[in-house]
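In what follows, a structure is listed as structure tokens, so that the remarks can point back to it.
The values are calculated or read from the model by the stated rules, or taken from the named source; none is laboratory data. A quick note: this is a predicted structure, and the numbers were derived from the prediction, not measured. Here the Cβ positions follow ideal geometry from the backbone for every residue, glycine too, while neighbour counts run over all protein chains shown. Just so you know, the surface numbers come from the protein's heavy atoms only, side chains and all, with ligands and any DNA or RNA stripped out. Shrake-Rupley method; radii C 1.70, N 1.55, O 1.52, S 1.80 Å.
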Amino acid sequence: KIDHNPMLSFDKQSILFVWSWRVNGTMKLQAQDFAKKVSKFCNNWNVQVDDGPDSFELQATGPTFLNVAMKDTILHEVPIHEIETLWLPFGILAYRLRSARLLLLALCSMPIAILVSFGFMYFVSTQLPVIIYALVMMLMLCTALSFDYSLFTMTRYGEERRKGASLEDSIATVITQSGHVVLVSGLVLTIAYGSMLCLPGAFKSFCVAACSMILCCIGVQLTFVPCLLGIFPWIGAGFDVQPDDEEAPDEAVPNEEEGEEDDIGNEELEEDTPATRQMLRHVRVFRKGIYYRVGGKLTQCPLNIFVPILIYLVTSPLTYRASQYKMGHAYELQIPRGRKEWETSLQIQSNFPTNVGCMMPALIIATSELSSEEVFSTSLPPLPALQIPGTTVAPTVRRLKETATASVSSASSASSVHVQKLPVTPKSSDADDLQPDVPEEIQPHVDIDPEPRHGNASGTSTENGDNDNEEPLDVRGQAFFDVNCDMVNGLIHTTRNETYALTSADFQSPTFYGEHANGSVKCLNYKLTHYYRANFFAKKFMFTSRLMQKLWNQLVNAKHDAMLTLLTPKMDPFSAEAFKMTEELRALLKNASLASRESGFGDITYMMFSPSAIMMDLIKYTNDRLWWAFLGCAILCFVLIAVAFKAWLIPLKLLFTVILPISWAYGAALFVYEDGCLEWTGITGLSPTYITNSGPAGVAVAGLDWTIPLFTLTIMLGLALDYDVFLFERVWEFREEGFGDNEAVQLALSATGPTITAAGLIFAFTFISMMLGSMAITNQMGFVFIFSIVVDTFVVRTVLVPAMLSLNPRLNYWPSDMPEAKITWLK
């Protein structure tokens, strides 16, 4: 109806231009380029206007526009925030190394790792879609691992030089001892990221990108750094031999240094020999400080039992909250806050009818039952391709091309140009110079089919409205019109009492228009509508005749054996409300297919295609595979640790220090982003995301995005084991030298405490840049990483691991045999 034009806003202050296009994998870059040109044209237009009563502004939006906005935001925000916060990890590294030359050496390793890994990813991108988050993670891993591994190797180098070791011996110790830790740590992280290979689609690129960066960082630390130290000895010079490490008399050195513990000089020596005295002098530097005192207490019974139990009890609310996690999903989680494209899309959805304001409609296809070669559904497996955050890949459906024309077949990629009247006037009327150069292959268009056939496959005419029930299905008849209307009426009446109750205004089809008093659609008469579309005079003089024909061409395929019905609900297509509606509609459509066959109409099948359905299937598919990925990652990591140390039971002990702390991170994230525990702070990055277009249900909380466990679960396992490996490496080393079981744990904690604390803070500060961004999904990911790393650094490694290692310590090394303890001082 012309007097109810849906392209005019309710307040008559805005007009809408809508086009639909098919954006598949090969069209992704062209579509994004076109979106950028349209946005640029709109911005240029808005700049060249002055105040005036007849002026207007232009705004463009749509899924492709929003995807471009997300990418631009990430590419602009992450490097800037990374540079802004780089001084934090850099300052920690400088404080720990306390050598300008070693600090310079650590910084030189970063550009090499970046060049090699990003160069490798260029070739990967030619074979595999690379999501934007993969490049972000590469940049952050480069900063964190380069600093961490430099910290591990350079502090050990300085320690050996202060003991009086030569340059060659110090480098050899760094490669054999710290290099072993770096290698095992890097392989654990590689396994953690590598487990993502079993996840679908573009998640594989995240795995490949992270693994390439990790392996590059390992290679640089074990080859480039030692070579530079050997070639340029002055880089590693400047370390004075400590007086305690010089040759001293064989008698025990009294406790004269300030800050040393009272147990120095009270050791029980199995054999009082110069060698044991030399061992004591070498570890004297570690026998002081907070970590030494904490280690002495935690390795003693009953504290090594009660303290872990107390920690688990205190953190039990976090574990319980994590057990209640349900994957959050909302389109708003992936959109940068404050972007004009998102504000425009919300304005369109609120100011225009649903049939034009919905940018991601659902498609209901009515056709004959499809064979296995041409199935059109979102059933699993396999999954159709989906627009993962950071990519633009439309679903590939074999049947879709001949089911509907390009203008509607990818309705999930509809875009809009919103024109709003404002009190401004243009500076120049020469707008032709601003027209974007639109590639011909992606220009919006409508394919007009030839004149309808006047017979079906069996030769029986169907243009007269009769349907003789013979195959193949032909939608040109009153019988099909009635069945399709019955299907829509069934959906309307069944969902009437739901929060997402559907109405006739939510559907578009050539078979009905308007509604009855009871809410049912008014089914059209096929003969009259066909005559109105096909009559020469109607087409010539009646504009609505051409509109009806255009709708028919859009929703009916060329063979006339399939028809689409558009469903345009006004809600976030990835919200819980949309998922609930999709589940209900799938069941109803299955029943509608059975009912149409029982009515004697013939072989007809209803199926649904929508972004909500695709996302539902993807979440279910990845969730099922995620736990297998985590299990495989844990088994491989623990086997690697057991083989590396030749200790088969140590992974079982470390298991209790890894699994529960991971649940603490997710529990805390749920308290923050679902329950809003920190919303009072006013910090956007620590506040829940509210779905502003969640439909009739009103404003809802989006929760913790479903991709967060995918990007963090196995990585958190790798990071937790990373620091455990570094600590246990020193425990093993001190125990092999002849120190007692608990003494080895105490010394290892003291020796590695400052280094691991600095490494953990470096990692945490690296991910702070994600908390400063304007995207909810990156805020949540950054919080999970930071919380997990901080807890692992200050609670797990400092308290839980030493306590666990002191429980029946012989199991730490089984089946390896350790030498008899020559030096003990703990009771």
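Pairs meeting the criteria (first residue in the range 270-295 and more than 18 Å from Ala165 (Cβ to Cβ) and modelled with pLDDT of 85 or more, second residue in a helix (DSSP H, G or I) and not small (Gly, Ala, Ser), beta carbons under 6 Å, at least 6 apart or on different chains) are Tyr291/Leu749; Gly295/Gln746; Gly295/Leu749; Gly295/Pro802. Condition (residue is of a type in the set (S, T, N, Q), under 30 Å from Ser816 (Cα atoms) and surrounded by 19 or more Cβ atoms within 10 Å (Cβ to Cβ)) applied to the range 671-692: is it met by at least one residue? No; the residues of the range 671-692 include none that is of a type in the set (S, T, N, Q), under 30 Å from Ser816 (Cα atoms) and surrounded by 19 or more Cβ atoms within 10 Å (Cβ to Cβ). Of all residues in the range 767-781, those satisfying the criterion of being surrounded by 24 or more Cβ atoms within 10 Å (Cβ to Cβ) and among the small types (Gly, Ala, Ser) are Ser769, Gly773, Ala776. All of (1) modelled with pLDDT under 85; (2) more than 30 Å from Val68 (Cβ to Cβ); (3) open to solvent by less than 40 Å² (accessible area, probe 1.4 Å) hold for Pro308 with one exception: (1). Selection within the range 46-76: residues that are under 32 Å from the mean Cα position of the chain (by Cα) and of a type in the set (A, V, I, L, M). The member of this set that is most open to solvent (accessible area, probe 1.4 Å) is Leu75.
Within the range 139-146, is even one residue open to solvent by less than 10 Å² (accessible area, probe 1.4 Å), in a loop (DSSP other than H, G, I, E, B), closer than 27 Å to Leu197 by Cβ and in contact with a Gly (Cβ under 9 Å, 6 or more places away or on another chain)? No: zero hits. Out of the range 311-329, which residues are in a helix (DSSP H, G or I) and either modelled with pLDDT under 90 or not basic (Lys, Arg) (or both)? Passing the criteria: Ile311, Tyr312, Leu313, Val314, Ser316, Pro317, Leu318, Thr319, Tyr320, Ala322, Ser323.
If only residues of the range 19-39 that are at pLDDT below 85 and more than 24 Å from the chain's Cα centre (by Cα) are counted, the one that is farthest from Leu128 (Cα to Cα) is Trp19. Going by the conditions given, is Ala634 closer than 17 Å to Leu189 by Cα, free of Cβ contacts under 8 Å to residues at least 24 places away in the same chain and in contact with a helix residue (DSSP H, G or I) (Cβ under 8 Å, 6 or more places away or on another chain)? No, not satisfied. Apart from one condition, Ala764 fits all of (1) open to solvent by 10 Å² or more (accessible area, probe 1.4 Å); (2) assigned to a helix (DSSP H, G or I); (3) free of Cβ contacts under 8 Å to residues at least 60 places away in the same chain; (4) of a type outside the set (D, E, K, R); the exception is (1). Only one entry of Ser195, Ser170, Ser166, Ser150 meets the criterion of being under 16 Å from Thr223 (Cβ atoms) and either buried (at least 24 other Cβ atoms within 10 Å of the Cβ) or not aliphatic (A, V, I, L, M) (or both), and that entry is Ser150. Screening Ile80 with (1) surrounded by fewer than 17 Cβ atoms within 10 Å (Cβ to Cβ); (2) within 28 Å of Gly357 (Cβ to Cβ) gives one miss only, at (2). Among the residues making up the range 533-590, those that are without any contact (Cβ under 8 Å) to a residue 24 or more places away in the chain and of a type in the set (A, V, I, L, M) are Ala538, Met542, Leu547, Ala587. With respect to (1) modelled with pLDDT of 85 or more; (2) open to solvent by less than 10 Å² (accessible area, probe 1.4 Å); (3) more than 27 Å from Tyr157 (Cβ to Cβ), the lone exception for Ser117 is condition (3).
If you check Ala587, Ala562, Ala558 for being among the small types (Gly, Ala, Ser) and more than 26 Å from Gly490 (Cα to Cα), only one passes: Ala558. When Thr824 is tested against (1) modelled with pLDDT of 85 or more; (2) surrounded by fewer than 23 Cβ atoms within 10 Å (Cβ to Cβ); (3) among the β-branched types (Val, Ile, Thr), exactly one condition is not met: (1). In the range 639-646 there is at least one residue that is within 29 Å of the chain's Cα centre (by Cα) and surrounded by 18 or more Cβ atoms within 10 Å (Cβ to Cβ).
State whether the residues of the range 23-35 include one that is over 18 Å from Pro353 (Cα atoms) and open to solvent by 70 Å² or more (accessible area, probe 1.4 Å). Yes; the residues of the range 23-35 include at least one that is over 18 Å from Pro353 (Cα atoms) and open to solvent by 70 Å² or more (accessible area, probe 1.4 Å). For the range 330-353, the candidate set comprises residues that are part of a loop (DSSP other than H, G, I, E, B) and over 21 Å from Met771 (Cα atoms); within that set, the residue that is least open to solvent (accessible area, probe 1.4 Å) is Phe352.
Among the residues of the range 489-532, the ones that are open to solvent by less than 70 Å² (accessible area, probe 1.4 Å), assigned to a strand (DSSP E or B) and of a type outside the set (Phe, Trp, Tyr) come to 4 in all. Taking the conditions (1) modelled with pLDDT of 80 or more; (2) open to solvent by 30 Å² or more (accessible area, probe 1.4 Å); (3) in contact with a Ser or Thr (Cβ under 8 Å, 6 or more places away or on another chain) in turn, Lys401 satisfies each one other than (1). Checking each residue in the range 545-560 for being open to solvent by less than 20 Å² (accessible area, probe 1.4 Å) and not aliphatic (A, V, I, L, M) picks out Ser545, Trp552, Asn553, Asn557, His560.
Scanning the range 650-687 for residues that are of a type in the set (Ser, Thr, Tyr) and modelled with pLDDT of 85 or more yields Ser663, Tyr666, Tyr673, Thr681, Thr684, Ser687. Within the range 343-365, at least one residue is over 28 Å from the mean Cα position of the chain (by Cα) and at pLDDT 90 or above.
Cβ-Cβ contacts under 9 Å between residues 6 or more apart (or on different chains), taken from a first residue in the range 153-177 that is assigned to a helix (DSSP H, G or I) to a second residue that is open to solvent by 30 Å² or more (accessible area, probe 1.4 Å) and among the basic types (Lys, Arg), are listed as Met154/Arg96; Thr155/Arg96; Gly158/Arg98; Leu167/Arg161; Ser170/Arg161; Ser170/Lys163.
Is at least one residue of the range 87-94 surrounded by 18 or more Cβ atoms within 10 Å (Cβ to Cβ) and modelled with pLDDT under 85? Looking through the range 87-94, none of the residues is surrounded by 18 or more Cβ atoms within 10 Å (Cβ to Cβ) and modelled with pLDDT under 85.
Inspect the range 287-300 for any residue being touching a Pro at 6+ places or on another chain (Cβ under 9 Å), in a loop (DSSP other than H, G, I, E, B) and surrounded by fewer than 20 Cβ atoms within 10 Å (Cβ to Cβ) and give the result as yes or no. For the range 287-300, residues touching a Pro at 6+ places or on another chain (Cβ under 9 Å), in a loop (DSSP other than H, G, I, E, B) and surrounded by fewer than 20 Cβ atoms within 10 Å (Cβ to Cβ): present.
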